[in-house]
Amino acid sequence: MPREPPWQAEWGLPPVNYGLIPDCYNPADQGALDAIWANREPIPVGTWLEGQVLGMVWLCDGDHKIILGEPQNLPSLDLDALWRWFRGRQPRLTNADEAEAFIHSLELS
């Protein structure tokens with residue numbers, strides 16, 4: 001039986017639509033770059049979406065999360081729930097320019 005990832009046991013499921021950006025490697029967790037879709041409507045697992053880079057959840061361990069979607073949907077993110085989910089990792093919200101700069105600093109896989 002597969003073991004559940006350690007983060008899932010500790011934190012539970014994310015309070016947002018959470019996925020990844022393929023072909024973009026994040027050395028902080030040695031995997032694909034994590035992404036948050038800015039919309040409160042649930043997105044089915046396996047759905048491919050394209051959206052604008054709206055910002056980033058910056059984390060002290062470098063495992064930042066890119067926020068994607070439509071600009072009008074950014075205020076719909078439950079930031080209080082995100083901050084609780086990332087507690088202990090000093091989360092902060094950055095703007096789109098800082099998020100883009102982070103993406104461009106990463107290796108493509």
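FYI, it's all coordinate maths here, none of it is from the lab. Here the structure is a predicted model, which is why all the values come from computation and not from measurement. Glycine gets a Cβ as well: all are built from the backbone with ideal geometry, and neighbour counts include every protein chain shown.
When the square roots of the Cα gyration tensor eigenvalues are ordered a ≥ b ≥ c, the ratio a/c for segment 59-109 is 1.5 or more and a/b does not exceed b/c, which makes its shape oblate. The charge dipole of the chain, taken about its Cα centre with unit charges on the Cβ atoms of Lys, Arg (+1), Asp and Glu (-1) only, comes to about 360 debye. When a/c is below 1.5 the answer is rounded, else prolate if a/b is larger than b/c, else oblate, so apply that to the chain with a ≥ b ≥ c taken from the square roots of the Cα gyration tensor eigenvalues. Rounded, since a/c falls under 1.5. Electrostatic tally near D61: other residues with Cβ closer than 11 Å to its Cβ, Lys and Arg +1, Asp and Glu -1, net -1. For D80 and A101, a Förster radius of 41 Å and the Cβ-Cβ distance give a FRET efficiency of 0.95, rounded to the nearest 0.05. Sequentially through segment 45-52, phi angles give Karplus couplings (6.51, -1.76, 1.60; θ = phi - 60°) of 4, x, 6, 9, 10, 10, x, 7 Hz, Gly and Pro residues having no value and appearing as x.
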